[in-house]
1. Note down all Cβ pairs under 9 Å where the first residue falls in segment 32-53 and is of a type in the set (D, E), the second is exposed (fewer than 14 other Cβ atoms within 10 Å of the Cβ) and in a loop (DSSP other than H, G, I, E, B), and they're at least six residues apart or on different chains.
2. Looking only at segment 65-74, decide whether some residue is of a type in the set (K, R) and either open to solvent by 50 Å² or more (accessible area, probe 1.4 Å) or at pLDDT below 95 (or both).
3. From (1) in contact with an Asp or Glu (Cβ under 8 Å, 6 or more places away or on another chain); (2) at pLDDT 95 or above, pick out the condition that doesn't hold for P19.
4. May I ask you to list the residues in segment 82-105 that are within 14 Å of the chain's Cα centre (by Cα) and open to solvent by less than 60 Å² (accessible area, probe 1.4 Å)?
Amino acid sequence: LTPEMEPGTGLAGLKKCVPGLDMTTALDYCGGSEEFYIELLHDFANERTDEKLSGLFEKEDWKNYAVQVHGLKGVSRTLGLMELGDMAEKMQFAAQEPDLEYIGAHHEELLGKYSFISKCISCM
């Protein structure tokens, strides 16, 4: 976690912790409801997508890896996590090829970003 994220600081703390968070777009998707947005963020963090991706990576199951990162891309963008969404999109295209060099070079980076954001969300 970055020093800016203090437990209990809510959405304001999350915005400081996660650079590039597009909260305006996310709240639009949530009908302006901060409570609903926070609920979706917690659901996102509790999904353990990083564990699912790790398992698929270890099995070299690129078809399902592509499906999983496609889902991560959409949910990330809906929640205003644009940088994570962009990373997931690149991994989706790489997995569809499959471009094993790209996947190998960026898999841990994607997992790290997801894990970091999940930790920030859990501090809210």
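The values are calculated or read from the model by the stated rules, or taken from the named source; none is laboratory data. These figures come from a predicted structure and were not determined experimentally. When we count neighbours, we look across all protein chains shown, and the Cβ atoms used for this are built from the backbone with ideal geometry, even at glycine. Ligands, DNA and RNA are excluded from the accessible area calculation, which covers all protein heavy atoms including side chains. Shrake-Rupley method; radii C 1.70, N 1.55, O 1.52, S 1.80 Å.
1. E39/S33
2. First, the residues of segment 65-74 that are of a type in the set (K, R): 73.
Those left that are additionally either open to solvent by 50 Å² or more (accessible area, probe 1.4 Å) or at pLDDT below 95 (or both): none.
Looking for residues that are of a type in the set (K, R) and either open to solvent by 50 Å² or more (accessible area, probe 1.4 Å) or at pLDDT below 95 (or both), one finds none in segment 65-74, hence no.
3. Condition not satisfied by P19: (2).
4. Step one: list which residues in segment 82-105 are within 14 Å of the chain's Cα centre (by Cα), which gives 82-92.
Residues satisfying the conditions are M82, L84, G85, M87, A88, E89, M91, Q92.
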